[in-house]
Amino acid sequence: MTDQTPEITDELRDGILWITFNRPQARNAMTFGMYDRLATLCREMPTDGSVRTAVIAGAGGKAFAAGTDMTQFRAFETAQDALDYEARIDAVLETIEKCPVPTIAAIHGACTGGGGSIAAACDIRICSASLKYGFPIARTLGNCLAAGNLARLSELIGAGRVRELIFTARLIEADEAQAIGLVSEVLADEEALLARAADLADHVGSMAPLTLRATKEAMRRTRAATKVDDSDLIAMCYMSEDFRTGMEAFLSKGKPTWSGK
């Protein structure tokens, strides 16, 4: 596979496709182009045996991915802009889940917002000891997660923990992440993490591919059957004064004052 977007690289090595977010100057904050490229890689994943597993990681030594690049939100003017954005992200996450080969998130450093959603959509998550995982939107932006995102997280760590995580805007560290089942393994550092990701991807890739594919899809369909209409909630948050205040405060490294409007 040849990547045409330098912000994401993809390299096939020994049957493992290494997908790397490559925007370290922005802690791998996701642009729309990066989301689209990730979805394309997952959607076009070969099923001829040339790719057995995919590992997703972040470059730069500081972050897996630190959410969506917030400068893109400045262009939002209508509720439809917000709804289109959430639908776009939901489609990307669904494409990751539909990827015909197992996906492993190798998480080093910050994994927040959209990065946290991508990791949650992968089949297996492992991390280094430097993990910081969460969705601090109640402190920073004042927007919301779509219902599908909340359902995915609740499936992983439970609804109560999801509420607490968002309500407190705190970040989960490595040991807690393993204790609650968010990640399956914690490695000492990035080098050990990537080495373990390679070994794990090789092991998983040796299993019966149709068994793995059927399991992934059956579990995705089970959750998809409970989809709800959350358009009014998305519009309420993204079209609020608070969202504009939070976005500008974050971009200027200030602290927002919430009004509830």
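Key figures
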item	result
Elements of type strands (runs of 3 or more DSSP E) in the range 1-59, at least 3 residues being under 16 Å from ASP123 (Cβ atoms) and in contact with a strand residue (DSSP E or B) (Cβ under 9 Å, 6 or more places away or on another chain)	16-21, 53-58
Output for the range 187-208, where each listed residue is touching a residue at least 12 places away in the same chain (Cβ under 8 Å), over 13 Å from ALA54 (Cα atoms) and assigned to a helix (DSSP H, G or I)	GLU190, ALA192, LEU193, ARG196
Filtered residues of the range 95-108 (kept if buried (at least 17 other Cβ atoms within 10 Å of the Cβ) and either in a helix (DSSP H, G or I) or in contact with a Ser or Thr (Cβ under 9 Å, 6 or more places away or on another chain) (or both))	THR95, ILE96, GLU97, PRO100, VAL101, PRO102, THR103, ILE104, ALA106, ILE107, HIS108
Any chance ALA235 is within 21 Å of the chain's Cα centre (by Cα), surrounded by 15 or more Cβ atoms within 10 Å (Cβ to Cβ), of a type in the set (Gly, Ala, Ser) and modelled with pLDDT of 95 or more	no
Pairs, first farther than 12 Å from ALA169 by Cα in the range 135-156, second charged (D, E, K, R) and not in a helix (DSSP H, G or I), C-beta under 7 Å, six or more apart	ALA146/ASP230; ALA147/ASP230; GLY148/LYS227
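Rundown of residues vs (1) farther than 30 Å from ARG13 by Cβ; (2) surrounded by fewer than 16 Cβ atoms within 10 Å (Cβ to Cβ), yes/no style:
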{"residue": "GLU155", "(1), (2)": "yes, yes"}
{"residue": "GLY158", "(1), (2)": "yes, yes"}
{"residue": "VAL162", "(1), (2)": "yes, no"}
{"residue": "THR168", "(1), (2)": "yes, yes"}
{"residue": "ILE172", "(1), (2)": "yes, no"}
{"residue": "ALA177", "(1), (2)": "no, no"}
{"residue": "ILE180", "(1), (2)": "yes, yes"}
{"residue": "GLU191", "(1), (2)": "no, yes"}
{"residue": "ALA198", "(1), (2)": "no, no"}
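The values are calculated or read from the model by the stated rules, or taken from the named source; none is laboratory data. Everything numeric here is computed off the predicted structure, so don't read it as measured data. For neighbour counting, all protein chains shown are included, and Cβ atoms are generated from backbone atoms with ideal geometry for every residue, glycine included.
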